[in-house]
Structure formats: structure tokens, C-alpha cells
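Trainee: Please find one structure pasted underneath; my questions will follow.
Every number in this text was worked out from the coordinates using simple rules, so none of it is lab data. Keep in mind that what you see is a predicted model, and the values were worked out from it rather than measured. A quick note on method: Cβ atoms are made from the backbone with ideal geometry, for glycine too, and the neighbour counts reach across all protein chains shown.
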């Protein structure tokens, strides 16, 4: 049986996980957000075998999270806009991991805002009036890219942005 | 060579990815946030082989994201507080995937707040004054669970919450 191709699914979570689901990917992003750009820097800080690191960086370049650019006699891996835009999800994963899987001693690192010294965390979703939104408060509707199965499942027969039938 | 044990790393991102890094995990959370509780419901909505689903659900129960409870003659999988607390990271992954990997037609689904009808998204990190915080604005400091290597790397010799030496 072939492994499931998550990139071929329509779901944005599946497509994101086709890129992020290999667990080293998030740790490579962690390093990039901490300022690492060189292959050797990633290898040393992550303790990852060079052949695996090379494959993971190539995967992230192919999916548009990093550009591989000349930097003197070597190469540097620079975050693209798409890679930088993963900062919110990186923070959210980091915060959840620190809340639920830290040892008794607490988290090994803290992230602070250089400008203010305040801790930097991913804010939970809230309404305009400031009340929190949890999973029980939401409803899924078909979007403009919905197919027939999604429209059937989520209870309307038309995608939201389509014209109504006669 | 043994596969790397991410759960044994100190980093909260690594520990989170030891649970979430198997890509089906996020799609199982997607289903749970959409209200699915039964094995058959997960199997049908995900199109996942029963043996893989069973292994993935067991993994998520073992890591404390779901409780497996009696529900009539069968079982239900109910999100724990830890599982519900993954809602913010789920949203952040969903939003990023929809922004960067939707087809030309747009995302297949929309998530709205039942109370207001407004779209529900993961907010990016901001300062108290509302200005956005990006990866270039942050600094990593050793936390209370830092070991010597982390203290060396992030430039202070003492964890932040330790008493100063004489």
C-alpha cells in the first residue's frame, strides 16, 4: 500500500502537514527563527545527521519556505515570506509543548520581545469583544474550493461564494 | 541507526512534534474539533485504514489528547483539556495551509464563529500596543529548565529564575 499523499488532499491542514509533518521541519524552522542560516549551524545546533539535514532542507526549499542563496564561498538558507509566515504556527506549537510537556523544572528557553522584554506567545482566538473562542464555538462551512463531498457533509448544497441557482 | 526520539529532547517544539509529527494526528484533531467522536466517524471522514487509525488514536490517548470512554455499546474518543488546548495551533496550521497551499479556487472550507458568523483564525503575535511581532523581533533566553548547553548558547550563564551566585 502506498503511503498517503497528504499534499494531494484538498484540506489545508493536510497540505500544511505534507510540509511540516516531517518532525525535523519544525526544529529547522526553530533554528531559522533563532537566526541560523548555514548548513553547519543547523547541523551543530540540531545534532542531525548531515544526509538527513540535507534532505530536509531540500524539501523545505522545494516547498518554498527557504531560499538557498550564495553567501561567499558557501550557501545560506534564508526564510522566504512563506517560511516567515510559519512563525505564528511555530509559536503555537512551542507554547502548547511548553504548557503540556515541560518537565517539573519548567521550559528550557523563554522567548521575549527584544523591544519590550515581554514574553512572546501565540494568542488564542478571540471575538472582537475579547471573549475566547473554543472548538465548541465554531462551525465549518463549505468554502469557494469545496467539492460535492464537502458541500454534502457541511450541510449546504452550494459553496458560499457561488451564485444561487434559479 | 535508531530513529531520533523527539520526546526525549528538552525542546518543547520537539516534544510537541513527538505527538503531532505523525501527520494523521492533525487530521484526527480536525475531525474531533468538527465534532467526530466515534471510530467509524473518524474512519469514514478521513478515509484512513482502520489499523492505522487505531494506532493513531491509541497514540493520542497515550499522550493525553483524548480519553477513550464507554458510550453505549461502543467507545467514544473525547478531547481532553490538553487536546482542546491544541485548538490554537490547529487553527494556525490551518490558516497557514489555506494561505499558501490552496488551489486557485480558494480553500475548501471556512470556519466561522457560531455566535457572530465571523471567520475564526489564529491571531498573529502582537505587542500590547498592537504592533506585530515577527521572528526578527524576538530573543531566546535560557528558561528555568535550561541545561548548561542552552545557557552557553543563549548567552547567559544562569537560568533566569535561579538565584545569583556570590
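Trainee: Going by alpha carbons, how many degrees (0 to 90, nearest 10) lie between the helix axis of A:50-62 and the longest principal axis of chain A?
Mentor: 40
Trainee: Which whole number gives the average, over all residues in B:123-131, of C-beta atoms from other chains lying within 10 Å of the residue C-beta?
Mentor: If you average over the peptide's residues, the count of other-chain Cβ atoms is 4.
Trainee: How many Cβ atoms of partner chains, on average, are near each residue of B:24-30 if near means within 10 Å of its Cβ?
Mentor: Rounded to a whole number, the mean comes out at 4.
Trainee: Sticking with this structure for a sec: Could you work out [θ]222 nm for chain A from helices alone, using -39500 (n - 2.57) per DSSP H run of at least four and dividing by all its residues? Round to the nearest 500 deg cm²/dmol.
Mentor: The per-residue figure over chain A is -11000 deg cm²/dmol.
Trainee: Would you mind pulling out the separation of the Cα centroids of the stretch B:92-160 and the stretch A:9-48, in Å?
Mentor: 15
Trainee: Which whole-number value in Å³ per residue fits the convex hull of the alpha carbons of the protein assembly as shown?
Mentor: 187
Trainee: Got the residue B:61 label distances to the other copies yet, label 7 Å along Cα→Cβ, in nm, shortest first?
Mentor: Counterpart label points of residue B:61 in the remaining copies fall at 4.5 nm.
Trainee: In the Gaussian network model of chain A, springs joining C-alpha atoms below 10 Å, which of A:55, A:118, A:98 carries the largest mean-square fluctuation?
Mentor: Per the Cα network of chain A with a 10 Å cutoff, A:118 tops the list.
Trainee: Could you tell me how many degrees, from 0 to 90 and to the nearest 10, lie between the Cα long axis of helix B:24-33 and the main elongation axis, the longest principal axis, of the Cα atoms of chain B?
Mentor: 70
Trainee: Another question, if that's okay. I want to verify a result. In a Gaussian network model of chain B, Cα cutoff 10 Å, which of these has the top mean-square fluctuation: B:128, B:14, B:34?
Mentor: Result for chain B, Cα springs under 10 Å: B:128 fluctuates most.
Trainee: Here's something else I'd like to know. Using all Cα-Cα distances in the stretch A:6-84, what percent lands in each 10 angstrom bin from 0 up to the longest?
Mentor: Distribution as computed: 19, 54, 23, 5, 0 percent.
Trainee: Along Cα-to-Cβ, 7 Å out, sits the label point; list in nm, shortest first, how far the one on residue B:50 is from those in the other copies.
Mentor: Copy-to-copy label distances at residue B:50, shortest first: 4.9 nm.
Trainee: Suppose R0 equals 30 Å. What FRET efficiency, 1/(1 + (r/R0)^6) with r the Cβ-Cβ distance, do residue A:148 and residue B:71 give to the nearest 0.05?
Mentor: Plugging the Cβ-Cβ distance into 1/(1 + (r/R0)^6) gives 0.45.
Trainee: May I pose another question? Shortest first and in nm to one decimal, what separations exist between residue A:84 and its copies in the other chains, measuring from label points 7 Å along the Cα-to-beta-carbon line?
Mentor: Here the equivalent label points are 3.7 nm apart from this one.
Trainee: For chain A, compute Rh as the Kirkwood radius over C-alpha pairs and then the Stokes-Einstein diffusion coefficient at 4 °C and 1.567 mPa s; write the answer in µm²/s, rounded to an integer.
Mentor: Estimated via Stokes-Einstein, D reaches 67 µm²/s.
Trainee: Considering chain B as a Gaussian network with a 10 Å cut-off on Cα pairs, which listed residue, B:123, B:107, B:135, attains the greatest mean-square fluctuation?
Mentor: Between B:123, B:107, B:135, it is B:135 that shows the largest mean-square fluctuation.
Trainee: Relative contact order (percent) for chain A, with alpha-carbon contacts under 8 angstrom and 6 or more residues of separation?
Mentor: Reported as a whole number, the value is 11 percent.
Trainee: Taking neighbour Cβ counts within 10 Å as the exposure measure, how do B:19, B:61 sort from fewest upward?
Mentor: B:61, B:19
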